[in-house]
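**Student:** First the structure, then my questions, so here it is.
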Amino acid sequence: MRLSSLYGFNPVCAITALLALVCCKPKATDNHSIDSVQIQSQEITLPQHLSFDDKAPYDTLSYSNIIESVRYIPLDNSTEALIANPGNLRLISGKYLILSGSSRITRIIKIFNQDGSYLTQPFRIGRGPNEVVFISLYTGHDSTNLITIPDMTDKMFTYNLTTGEIKGFRYNADRIFNITALPSGNYISLCRRSYEPGRPNPILFRLNQNFEITDSVSDMKDRTQRAIEGVTEGNSLRSHIKAYKDGVIYLDMLSDTVFYVDEELKFTPAVILDFGKKQPTLHNSIYDSAKKKEEQIYVIDIDLSGHYFFATYNYKGMYFESIWDLRTGKMVYSSHANVVGLFVRLNGFSGRLYGYGLSGNRIIAAVNASDLLTAIPGLTPDDNIVLVEITLK
């Protein structure tokens, strides 16, 4: 477990910065610095400060603000291709992956070509060879052509999108959580907390292709969410990682800084979130009433796509989704409802996009055929869902 690896410079500065989770400016290196990036011929300087108190000019995404173009992809109507309650949409190695099922317990992955034709369903629900008990998350990367699925038990599966080969592995499910694929074939994951006072506690793991822990970053902080009977209720703090470039972006549950973390587990600040007075502590998360928690912001998800930063969070008893433009540092979109979903107005469709995913500067979502009858000639209400691929400006 490494304390000094977090920033890749002076260990004293690194330990101080990690314990406070407030960033010292890191020493730039050719391999890992993202202090300045070129996007659409405009330079963006990172870290960028983003405020939740911004007033977004738009509560609907449309051609008049940040949507460049939209592509509709009707999916195959064969029985085996039909999708129910789509979620976790991804585009990996030129193929669309969609979680489908009537509940989280029975969800399966279905794979489609970019023209909407059906390819396969690589896994079945069950306890036999190459069967999975539970699918809620998966990860993958274009460079490896692999998707990886952690089972509810201690099994990990990989599926090769080119050859169809399935491999099974054992992994430490008690410690490894929310794995994210890297282009090298390795992984970065969160750690399930097991706090030991006076000893370093892991924050992130690096895993090899056999899902063995090869490196970690640790500090002395307690992040254990203790559920106290009759006390703990409502929202809770959590940490987040998402694939980005050759590593991940990472938001610690006790921090306001989103870091870029490369495969060597070096941290570079990318975004600093300004919660104002609405940032909860671990004490708030454990001891506050559900009603009191509504006055604070509890982050549910983050993502960085193109030059836009996305955040989904609970506030005022509602689900908020906001988007900031990193070229200006300003919030450009924000909407809230009692469910998670981006509100859009397109040619032939106006409504929320649920279970969407991000790929580059594109939003990938699914819409019922009955909602797109005027947008797609020949479509019928009983047809399979339609993928909506939105390219952002």
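The values are calculated or read from the model by the stated rules, or taken from the named source; none is laboratory data. What you see is a predicted model; the values in this text were computed from it and never measured. Note that each Cβ is placed from the backbone with ideal geometry, even for glycine, and that neighbours are counted across all protein chains shown. All accessible areas refer to the heavy atoms of the entire protein, side chains included, with ligands and DNA or RNA removed. Shrake-Rupley method; radii C 1.70, N 1.55, O 1.52, S 1.80 Å.
**Student:** Quick check on region 267-278. Is at least one of its residues surrounded by fewer than 22 Cβ atoms within 10 Å (Cβ to Cβ) and free of Cβ contacts under 8 Å to residues at least 40 places away in the same chain?
**Tutor:** yes
**Student:** Cβ-Cβ under 8 Å, sequence separation 6+ or interchain: first residue in region 35-56 and over 20 Å from Asp256 (Cβ atoms) and at pLDDT 50 or above, partner open to solvent by less than 90 Å² (accessible area, probe 1.4 Å) and among the basic types (Lys, Arg). Which pairs?
**Tutor:** That search, which allows pairs on different chains as well, returns Gln42/Arg327.
**Student:** Hey, can you tell me all the residues within region 181-231 that are part of a loop (DSSP other than H, G, I, E, B), farther than 30 Å from Ala290 by Cα and among the aliphatic types (A, V, I, L, M)?
**Tutor:** Leu182, the sole residue that qualifies.
**Student:** Turning to a different aspect of this structure: Scan region 360-369 and give yes if some residue there is open to solvent by less than 60 Å² (accessible area, probe 1.4 Å), in a loop (DSSP other than H, G, I, E, B) and out of contact with any Cys (no Cβ under 6 Å at 6 or more places or on another chain), otherwise no.
**Tutor:** yes
**Student:** Got at least one residue in region 60-70 being assigned to a loop (DSSP other than H, G, I, E, B), more than 29 Å from Gly378 (Cα to Cα), open to solvent by less than 40 Å² (accessible area, probe 1.4 Å) and without any contact (Cβ under 8 Å) to a residue 40 or more places away in the chain?
**Tutor:** No, there is no match, as no residue in region 60-70 is assigned to a loop (DSSP other than H, G, I, E, B), more than 29 Å from Gly378 (Cα to Cα), open to solvent by less than 40 Å² (accessible area, probe 1.4 Å) and without any contact (Cβ under 8 Å) to a residue 40 or more places away in the chain.
**Student:** Determine whether region 345-359 contains at least one residue that is open to solvent by 10 Å² or more (accessible area, probe 1.4 Å), among the aromatic types (Phe, Trp, Tyr), closer than 20 Å to Val70 by Cα and in contact with a helix residue (DSSP H, G or I) (Cβ under 9 Å, 6 or more places away or on another chain).
**Tutor:** Yes; the residues of region 345-359 include at least one that is open to solvent by 10 Å² or more (accessible area, probe 1.4 Å), among the aromatic types (Phe, Trp, Tyr), closer than 20 Å to Val70 by Cα and in contact with a helix residue (DSSP H, G or I) (Cβ under 9 Å, 6 or more places away or on another chain).
**Student:** Consider region 106-146. How many of its residues are farther than 17 Å from Ile83 by Cβ and either free of Cβ contacts under 8 Å to residues at least 60 places away in the same chain or surrounded by fewer than 16 Cβ atoms within 10 Å (Cβ to Cβ) (or both)?
**Tutor:** Summing the residues that are farther than 17 Å from Ile83 by Cβ and either free of Cβ contacts under 8 Å to residues at least 60 places away in the same chain or surrounded by fewer than 16 Cβ atoms within 10 Å (Cβ to Cβ) (or both) in region 106-146 gives 16.
**Student:** Taking region 377-393, which residues are in contact (Cβ under 8 Å) with a residue 40 or more places away in the chain, more than 20 Å from Asn65 (Cβ to Cβ) and either among the polar types (S, T, N, Q) or touching a helix residue (DSSP H, G or I) at 6+ places or on another chain (Cβ under 8 Å) (or both)?
**Tutor:** Those that are in contact (Cβ under 8 Å) with a residue 40 or more places away in the chain, more than 20 Å from Asn65 (Cβ to Cβ) and either among the polar types (S, T, N, Q) or touching a helix residue (DSSP H, G or I) at 6+ places or on another chain (Cβ under 8 Å) (or both): Leu379, Asp383, Asn384, Ile385, Val386.
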